[in-house]
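Report on the structure given below.
The values are calculated or read from the model by the stated rules, or taken from the named source; none is laboratory data. From a predicted model like this one, the values you see are computed outputs, not experimental measurements. Methodologically, a virtual Cβ is constructed for each residue, glycine included, from the backbone with ideal geometry; neighbour enumeration extends over all protein chains shown. For the accessible areas, the whole protein counts, side chains as well, though only heavy atoms, and no ligand, DNA or RNA atoms are used. Shrake-Rupley method; radii C 1.70, N 1.55, O 1.52, S 1.80 Å.
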Amino acid sequence: MDPSSQDGEDTEASVPLNPVQESLGHQESPAASCWLLYLKPVVAISVGMLLFGSGTALSLLYFTQVRNVSYLLGPLFLSVGLMLLVTGLVWIPVLKHSLGHKALTKVNHGMGLQVDHKHH
């Protein structure tokens, strides 16, 4: 084994797996992290709307018999688009709830559950 090849393997292991995290560094603003958090649901909603719209158009073309369109193409795009659209729409409130929960636990961190026991 060549010792230089071992050094190369060590440097590859130390490279971060997430390039977005590397480019932002440790000085990321709350707005940037919020934007990155909502990026995936917005992409899911956008792709879902695009697929749902094209599935609707393909289904209309098939049923009006204007063009020779495959029977399964329209329903396939409709179902996948609707699935992505609903997933993205549900994802956003779940993220808001989890962010609120994280903020609440961060504020109360270390305090534990404080119960006031009063004796009569």
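Quick notes
- Reported count of residues in the range 70-107, each being over 10 Å from G55 (Cα atoms) and in a helix (DSSP H, G or I), is 25.
- Where a residue in the range 93-104 is within 13 Å of C34 (Cα to Cα) and its partner, wherever it lies, is open to solvent by less than 90 Å² (accessible area, probe 1.4 Å) and assigned to a helix (DSSP H, G or I), with Cβ under 8 Å and at least six apart: L95/L37; L95/Y38; L95/P41; L99/L37
- Near pairs, Cβ below 8 angstrom, 6+ apart or cross-chain, from the range 37-66 (among the polar types (S, T, N, Q)) to any residue that is surrounded by fewer than 18 Cβ atoms within 10 Å (Cβ to Cβ): S59/P75
- Residues satisfying the stated conditions in the range 52-84, i.e. farther than 20 Å from P41 by Cα and of a type in the set (A, V, I, L, M): A57, L58, L60, L61, V66, V69, L72, L73, L76
- Taken together, the residues in the range 85-104 that are hydrophobic (A, V, I, L, M, F, W, C), at pLDDT below 90 and open to solvent by 90 Å² or more (accessible area, probe 1.4 Å) amount to 1.
- Q65 fulfils the conditions (1) at pLDDT below 85; (2) polar (S, T, N, Q); (3) open to solvent by 100 Å² or more (accessible area, probe 1.4 Å) except for a single criterion, (1).
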